[in-house]
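Written below as structure tokens is the structure these notes are about.
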Amino acid sequence: MMNYLTKIKAACTAAVTDIITSAAHGLSNNDCVQFTTTTTLPAGLSLLTNYYVIVINANTFYVSATVGGANVDITDTGTGTHSFNLKGAIIECEDHKHLVISINTANSANLTMKFQGSIQSNVNFNVAQSATNRWDYVQAIDLNSGTAIGGDTGIALTGTDDNRLLEINTNGLKAICLEVPIWTAGTINAYVKKFANDNV
């Protein structure tokens, strides 16, 4: 079992070395984040803009304007308190038959979660679907009730925390992304178990 996603919003600082620091950030390479601030963001970063994570270690990371691109050049530390907001986290699932995901929210979660899937190796889940960027929202099954959760609908929470076990059929898919298109409050812990040919 792998700890896949632990934070959806967290405080951070940035240095002119382009390094962003956030204790136990829980991010993975190519996760998509946006930044907010109480005053002024560090020069080089913009509000409401997607950036892609390049992990250095458990507490630090760079960001790039594109997947696999160069580090954003940060030229000052800004003013006020800065935070990152996770917009999407990717699970590589090629050669796996399905995923079981444990979702646990806290702090009066007010957010929407959706799952995206693709057969394309260089897909960008944060850019519109097209003939060259092929992805779609995928269905999840609630293992408590057997209820299908439509990909376009996802799971919407409005202040009441929830704990769920979900299964996603990943036959033929290269990657799944847990997208958080709407966030007002709360945190998510998501744990993922991958199965190939009925074995872990």
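Values in this text are rule-based calculations from the coordinates and carry no lab data. No experiment lies behind these values; they were computed from the predicted model shown. All Cβ positions, glycine included, derive from the backbone under ideal geometry; neighbour counts span all protein chains shown.
What size of dipole, in debye to the nearest 20, comes out for the chain about its Cα centre when the only charges are +1 on Lys and Arg C-beta atoms and -1 on Asp and Glu C-beta atoms?
80 debye
Which ³J(HN,Hα) values, rounded to whole Hz and listed in residue order, are derived for region 79-96 from phi using the Karplus coefficients 6.51, -1.76 and 1.60 in 6.51 cos²θ - 1.76 cosθ + 1.60 with θ = phi - 60°, glycine and proline given as x?
Per residue, the Karplus-derived 3J(HN,Hα) values read 9, x, 9, 9, 9, 10, 10, 6, 9, x, 10, 9, 10, 6, 9, 4, 6, 10 Hz.
Order by neighbour count: Thr153, Thr187, Thr147, fewest other Cβ atoms within 10 Å first, most last.
Listed from fewest to most nearby Cβ atoms, that is Thr147, Thr153, Thr187.
If contacts are Cα pairs under 8 angstrom and at least 6 residues apart, what is the relative contact order of region 30-169 in percent?
23 percent
In straight Cα distance, which aspartates and glutamates are under 17 Å from Lys9, not counting same-chain residues fewer than 8 positions off?
Asp31, Asp161, Glu179
Between Ser102 and Thr158, what length comes free when the chain is fully extended (0.36 nm per residue of separation minus the Cα-Cα distance, one decimal in nm)?
Additional length available on full extension: 18.3 nm.
Whole-Hz Karplus ³J(HN,Hα) for region 174-179, in order, using 6.51 cos²θ - 1.76 cosθ + 1.60 and θ = phi - 60°, x for Gly and Pro?
8, 8, 10, 10, 8, 9
Under a 5 Å amide H to amide H cut-off, with H placed in plane at 1.01 Å, what residues pair with Asp18 once short-range neighbours are removed?
Ile74
Under the Karplus relation 6.51 cos²θ - 1.76 cosθ + 1.60, θ = phi - 60°, what is the ordered set of whole-Hz ³J(HN,Hα) values for region 164-169, x standing for Gly and Pro?
Working through the residues one at a time gives 9, 10, 10, 10, 10, 6 Hz.
Which of the aspartates and glutamates could a cross-linker bridge to Lys174, judged by Cα under 15 Å and excluding same-chain residues fewer than eight apart?
Straight-distance partners of Lys174: Glu92, Glu94, Asp95, Asp136.
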